[in-house]
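Heads up, the thing below is written out as structure tokens.
The values are calculated or read from the model by the stated rules, or taken from the named source; none is laboratory data. Keep in mind that what you see is a predicted model, and the values were worked out from it rather than measured. Note that we place each Cβ from the backbone using ideal geometry, even for glycine, and neighbour counts take in every protein chain shown. Heads up: the accessible areas ignore ligands, DNA and RNA and are worked out on the full protein's heavy atoms, side chains in. Shrake-Rupley method; radii C 1.70, N 1.55, O 1.52, S 1.80 Å.
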Amino acid sequence: LKMINDGMAVYVDGEDVTGKIRTEEMGLLASRVSAVPVVRKALLPLQRRAAVKGGIVAEGRDMGTVVFPGADIKFFLLAHVDQRTDRRCRQLSEQGMLCDYGEVQRWLEERDAQDRGREIAPLKPADDAIMIDTTHMDVTRVVLTMMTHIGKKLHDTGEMQLT
């Protein structure tokens with residue numbers, strides 16, 4: 001991993017594979033691979049070890065339910081599939097790639113269904129997750145909403161571990 005202007009870049013053997021691992025096909029594949037018990041068994045201790053000192057922010061479809069169930073604050077972000085498709089197409093366009101709206105929407109719906117229906121670590125909000133519908137929110141508004149909840153939690157408890 002390497003920090004770049006607009007986020008993290010992922011390198012494998014010196015090659016920047018960031019764009020390659022952020023495709024819809026890779027998302028579907030990641031969903032399938034993450035449901036394999038031996039993969040889960042190997043990754044879970046690594047993920048938890050990375051958070052031992054606390055003070056982390058982690059994102060993923062099972063962070064609050066499986067990987068860090070004891071986290072002090074958890075968010076579950078929702079958005080209508082049309083809005084999610086618009087956002088993904090905008091991302092692809094900004095990267096100079098073409099977007100087939102119908103295909104992207106199909107991939108999103110397929111991955112959601114696959115993740116919701118998997119036996120191991122299905123996609124679902126943690127019982128204590130704060131649900132945020134981001135359909136009509138821009139990134140700034142989402143972050144401000146999250147920060148409001150974080151501020152309230154800090155005010156109420158004085159300490160927390162973020163996930």
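Applying the Karplus parametrisation 6.51 cos²θ - 1.76 cosθ + 1.60 with θ = phi - 60° to the phi angles of region 65-81, what ³J(HN,Hα) value in whole Hz is obtained for each residue in order, glycine and proline being reported as x?
Running phi through 6.51 cos²θ - 1.76 cosθ + 1.60 with θ = phi - 60° gives 9, 10, 6, 10, x, x, 4, 6, 9, 9, 10, 10, 8, 10, 6, 4, 4 Hz.
Quick one: order K53, K124 from most to least accessible surface, probe 1.4 Å.
On the way: K53 200, K124 110 Å².
The most accessible residue leads, giving K53, K124.
Using amide H atoms built in the peptide plane, which far-off residues or other-chain residues are under 5 Å from F75 H to H?
Answer set, sorted by chain and number: I130.
Among V17, Q114, H149, which residue has its Cα positioned farthest towards the positive end of the charge dipole of the chain, with +1 placed on the Cβ of Lys and Arg, -1 on the Cβ of Asp and Glu, and the dipole taken about the Cα centre?
My answer, from the dipole projection, is H149.
Can you tell me, using C-alpha contacts under 8 Å and at least 6 residues apart, the relative contact order of region 25-159 as a whole percent?
On the way: 105 pairs, mean separation 44.0, N = 135.
Relative contact order of region 25-159: 33 percent.
Please work out the average accessible area per residue across region 29-68, using the 1.4 Å probe convention, and give it in Å². Walk me through the intermediate numbers first.
Values: 2630 Å² over 40 residues.
Counting only protein heavy atoms, the per-residue value for region 29-68 is 66 Å².
Run lengths n ≥ 4 of DSSP H only: what is the helix-derived mean residue ellipticity at 222 nm for the chain, with -39500 (n - 2.57) per run over all residues, to the nearest 500?
Values: 6 runs with 79 residues, N = 163.
Rounded to the nearest 500, the figure is -15500 deg cm²/dmol.
Region 40-107: which GluC sites (Glu not before Pro) are DSSP loop and have at most 10 other beta-carbon atoms within 10 angstrom?
Sites meeting the loop and neighbour criteria: E59.
Whole-Hz ³J(HN,Hα) for each residue in region 101-108, computed from phi via Karplus 6.51 cos²θ - 1.76 cosθ + 1.60 with θ = phi - 60°, x for glycine and proline: what do you get?
3, x, 5, 4, 4, 4, 4, 4
Using alpha carbon centroids, what distance separates region 100-147 and region 22-76, in Å?
14 Å
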